Amino acid sequence: MIIKKTKKDDVTILTPVGRLDVTGSDIFEQYYNELFEEGVHNLVVDCSGLEFLSSSGLRVLLVIMNKMSNASGKMVICCSNDHILDVFSLASFDKVIPIKSTIDEAIKTFKK
């Protein structure tokens, strides 16, 4: 898995590329934990580079969301991939974590 990091305004955007499965979720969580220690508390996870999302990937996203919430931060998911959106919907993630179709829409949720 490759993780691309960009920043827009005060929001960090992480784009995991590849599979967010058992192996990928461990890599993603470790990468995020390092950012969290650096003070990153506003995060967009851009799923445009994901080929596959497993239950392990869903778990790590929940762990990160909870960590962000406990630190008065926020996480928003950006996803336009129908297959990945189906996984989020089947797991009812759309009821727990805000999911937007573009990065700009996701960034706007931090300005409210």
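Just so it is clear, none of the values below were taken in a lab; they were calculated from the coordinates. For clarity, every value in this text was computed on a predicted model and none was experimentally measured. We place every Cβ from the backbone using ideal geometry, glycine too, and count neighbours over all the protein chains shown.
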Separation in nanometres of the label points that stand 7 Å from Cα toward Cβ, at residue 7 and residue 90: 3.8
Backbone HN-Hα couplings from phi across the stretch 35-40 [Karplus 6.51/-1.76/1.60, Hz, Gly and Pro as x]: 5, 4, 5, 7, x, 6
Nonlocal amide H pairs with residue 76, under 5 Å, H built at 1.01 Å: 43, 44, 45
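So which GluC sites (Glu not before Pro) in the stretch 10-92 are both in a DSSP loop and have at most 15 other Cβ atoms within 10 Å of their Cβ? Provide the component values of the computation, followed by the final result.
Details: sites: 29, 34, 37, 38, 51; in loops: 38.
Taking the stretch 10-92 and a limit of 15 other Cβ atoms within 10 Å, the loop GluC sites (Glu not before Pro) found are 38.
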Distance between modelled label sites at residue 109 and residue 70, nm, 7 Å Cα→Cβ extension: 2.1
Förster radius 22 Å - calculated FRET efficiency between residue 101 and residue 17, Cβ distance, rounded to 0.05: 0.75
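How big is the Cα convex hull of the chain in projection, averaged over all directions, in nm²? Present the calculation step by step, with values, prior to reporting the outcome.
Details: hull surface 24.1 nm².
Across all orientations, the chain yields a mean hull projection of 6.0 nm².
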